[in-house]
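Enquirer: This is the structure, below, for whatever I ask next.
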Amino acid sequence: MTTKEKLKALVSKEKIDTLKKNKDRIRNREMLRESQQIAIKVLLKLDELGWAQKDLAKEMQVSPQQITKIVSGKENLTIETQVKLQNILKIPILASYYEYKMTNKEKVL
Amino acid sequence: MKIVTIFDDHLFTIHYQNEIENEFDRLLELWTDVSFLIAYAKKNDQKNILGFVNKILMDVEQIQDFLENLNQNNHPFGFYFEPLQNSEQVKLLAFQKGKIRQNQLRFYAIKIDENCFLITGGAIKMSRKMIEHSDTLNELKKLIKVRTYLQTNGVFDNASFYELIIE
């Protein structure tokens, strides 16, 4: 019996979906990258404000579990969630953030 | 502990009793978790937190692409793994030459044969030697634990430790 055969005798028959999950991550890469960058902005802003995640949950009127998901950078965030984050934390997420700034600048000029 | 199959006949990983997922899946989830990465950067006194997190996220994508393309490559699996001790020596030489390995993520494995490896865990490589950081030291302990498990179950008498390096 070879070493590999001995090992295979120990291997569980359970099927795992590692390769499928990997394919999904690659397929969703663009979305995940955006989600990750939003999570980074949120966490760094929370640090700057001295807020805990539960403070943000309270402001957004969502559960702390929802914030945990947002800051993991794995969620496909709805526009509603993005708008809330942008408005409450004053961080640029959507194009509207810059468009609003531009409009105000024009008004000043 | 349980051994599960990633690639039939070639790549296996451990599912430890106290974990929800097997090591390969657990690490890919962990290394793509932004809140974990930021906390990790702070804990490890990284001055450029944003740079560190983005670098690790890029490194994970490299691993994802590597895994996706693995069955299209003709190399035996042994091609991608380096013996642990040698690689640490190589890294010292490489460092002196100014060629530090770019990808900071490591999977640690036990070699079954030239074309078959068992992944026991992995870590963000923060120090040149495994014993110099608590995470890699813990990975070394896991390697020893799994080797003992394999020995106890008569798989082999002796085994060497390897790490998966993606460039």
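The values are calculated or read from the model by the stated rules, or taken from the named source; none is laboratory data. A quick note: this is a predicted structure, and the numbers were derived from the prediction, not measured. So basically every Cβ, Gly included, is an ideal-geometry build from the backbone, and we count neighbours across all protein chains shown.
Enquirer: Out of the residues in the range B:28-67 that are under 12 Å from A:N22 (Cα atoms) and not polar (S, T, N, Q), which is surrounded by the fewest Cβ atoms within 10 Å (Cβ to Cβ)?
Expert: B:D65
Enquirer: Under the condition of being β-branched (V, I, T), at the interface with another protein chain (Cβ under 9 Å from one of its Cβ atoms) and in contact with a Ser or Thr (Cβ under 6 Å, 6 or more places away or on another chain), which residue from the range B:4-19 is nearest to A:L7 (Cα to Cα)? Full working, then the answer.
Expert: Taking the range B:4-19 and keeping what is β-branched (V, I, T), we get B:4-6, B:13-14.
Retained after the next criterion (residues that are at the interface with another protein chain (Cβ under 9 Å from one of its Cβ atoms)): B:4-6, B:13.
Still in the list and also in contact with a Ser or Thr (Cβ under 6 Å, 6 or more places away or on another chain): B:4, B:6.
Values: B:V4: 11, B:I6: 14 Å.
This residue is B:V4.
Enquirer: Does the range B:104-118 hold any residues that are within 13 Å of the chain's Cα centre (by Cα) and among the β-branched types (V, I, T), and which are they?
Expert: Hit for the range B:104-118 is B:I110, nothing else.
Enquirer: Output yes when any residue across the range B:23-45 is free of Cβ contacts under 8 Å to residues at least 60 places away in the same chain, at the interface with chain A (Cβ under 8 Å from one of its Cβ atoms) and under 21 Å from B:K145 (Cα atoms), and no when none is.
Expert: Scanning the range B:23-45 turns up at least one residue that is free of Cβ contacts under 8 Å to residues at least 60 places away in the same chain, at the interface with chain A (Cβ under 8 Å from one of its Cβ atoms) and under 21 Å from B:K145 (Cα atoms).
Enquirer: Output the residue which, of all residues in the range B:1-27 that are among the hydroxyl-bearing types (S, T, Y) and part of a strand (DSSP E or B), is surrounded by the most Cβ atoms within 10 Å (Cβ to Cβ). Step through it out loud before you land on a result.
Expert: From the range B:1-27, those among the hydroxyl-bearing types (S, T, Y) are B:5, B:13, B:16; that's our starting set.
Filter once more, so that each one left must be part of a strand (DSSP E or B): B:5, B:13.
Working: B:T5: 19, B:T13: 26.
Within the range B:1-27, the match that is surrounded by the most Cβ atoms within 10 Å (Cβ to Cβ) is B:T13.
Enquirer: Separate question: Please work out which residue is farthest from A:V42 (Cα to Cα), limiting yourself to the range A:53-88 and to residues that are within 13 Å of the chain's Cα centre (by Cα) and hydroxyl-bearing (S, T, Y).
Expert: A:T78
Enquirer: If we keep just the residues of the range A:1-41 that are more than 8 Å from chain B (Cβ to nearest Cβ) and aliphatic (A, V, I, L, M), which is nearest to the chain's Cα centre (by Cα)?
Expert: That would be A:I38.
Enquirer: Out of everything in the range A:55-89 that is surrounded by fewer than 16 Cβ atoms within 10 Å (Cβ to Cβ) and acidic (D, E), what residue ends up being farthest from the other protein chains (Cβ to nearest Cβ)?
Expert: A:E80
Enquirer: What's the number of the only condition in (1) closer than 20 Å to B:E163 by Cβ; (2) surrounded by fewer than 17 Cβ atoms within 10 Å (Cβ to Cβ); (3) away from chain A (no Cβ under 11 Å) that B:Q72 fails to meet?
Expert: Of the numbered conditions (1) closer than 20 Å to B:E163 by Cβ; (2) surrounded by fewer than 17 Cβ atoms within 10 Å (Cβ to Cβ); (3) away from chain A (no Cβ under 11 Å), the odd one out for B:Q72 is (1).
Enquirer: Still on this structure, please answer the following. Determine whether the range A:45-55 contains at least one residue that is polar (S, T, N, Q), at pLDDT 95 or above and either touching a strand residue (DSSP E or B) at 6+ places or on another chain (Cβ under 9 Å) or assigned to a loop (DSSP other than H, G, I, E, B) (or both).
Expert: Filtering the range A:45-55 down to residues polar (S, T, N, Q) leaves A:53.
With at pLDDT 95 or above added as a condition, the list becomes A:53.
Of the ones still in play, those that are also either touching a strand residue (DSSP E or B) at 6+ places or on another chain (Cβ under 9 Å) or assigned to a loop (DSSP other than H, G, I, E, B) (or both) are none.
No, because not a single residue in the range A:45-55 is polar (S, T, N, Q), at pLDDT 95 or above and either touching a strand residue (DSSP E or B) at 6+ places or on another chain (Cβ under 9 Å) or assigned to a loop (DSSP other than H, G, I, E, B) (or both).
Enquirer: Same structure again: For the range B:104-129, which residues satisfy the criterion of being within 14 Å of chain A (Cβ to nearest Cβ) and among the basic types (K, R)?
Expert: Selection gives B:K111 alone.
Enquirer: For the range B:113-129, which positions are in contact (Cβ under 8 Å) with a residue 40 or more places away in the chain and more than 14 Å from B:I166 (Cα to Cα)?
Expert: B:N115, B:C116, B:F117, B:L118, B:I119, B:T120, B:G121, B:M126, B:R128, B:K129
Enquirer: Small (G, A, S) and under 30 Å from B:T148 (Cβ atoms): which single residue out of A:S96, A:S12, A:S72 fits that description?
Expert: Numbers: A:S96 fails: under 30 Å from B:T148 (Cβ atoms); A:S72 fails: under 30 Å from B:T148 (Cβ atoms).
Just a single option satisfies the conditions, and that option is A:S12.
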